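Accompanying notes for the structure given below.
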Amino acid sequence: MFDQRVVGYGQSHKLNSMDFEHFMHIALQVAAQSGDEVPVGAVLVSSSGEVLATAHNLREAKSDPTSHAEIEVIRKAASDLSDWRLENTTLFVTLEPCVMCAGAIVAARIPRVVFLESWRQSHPAFSRPSSRLNVRSVRQGSRLLS
């Protein structure tokens with residue numbers, strides 16, 4: 001059982017907890033395609049539930065320390081939409097975003113992030129919510145990976 005954590009600010013979205021599980025499954029499938037990379041997957045979804053982009057870590061493949069899954073999915077979506085403002089979207093990611101990715105998420109104006117919480121719970125020293133974000137937990141016993 002995994003808990004999901006939602007970090008968000010801004011407007012409400014039409015996505016519900018069933019959608020959360022569906023999109024997190026997609027993120028887990030994307031993470032499984034990581035090969036020799038750290039297996040992290042990200043999915044960016046519009047407020048209507050359309051998948052805008054998916055990505056996994058590419059640091060080794062690109063020899064680029066900034067090629068985290070979250071950065072890659074932001075780059076893809078911004079390019080595809082021809083707009084760096086990714087407002088009214090939700091980012092699903094299999095691991096809590098690092099400080100660099102959190103900054104990119106804020107810069108891209110992504111209002112909501114959903115990530116699996118199990119790693120975060122086992123490493124509490126690495127989880128310091130930003131005071132800029134309204135943090136609230138969604139504790140739902142999802143059956144991800146079980």
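Expected output is a single nm value to one decimal: the length gained when fully extending between VAL106 and GLU87, i.e. 0.36 nm times separation in residues minus the C-alpha distance. What is it?
5.8 nm
Short version: what are the Cα gyration tensor semi-axes of segment 43-112, square root of 5 times each eigenvalue, largest first, in whole Å?
Values: eigenvalues 70, 31, 25 Å².
Result for segment 43-112: semi-axes of 19, 12, 11 Å.
A short reminder: the numbers here are calculations on the coordinates, not readings from a lab. Since the model is a prediction, treat every value here as computed from it, not as a measurement.
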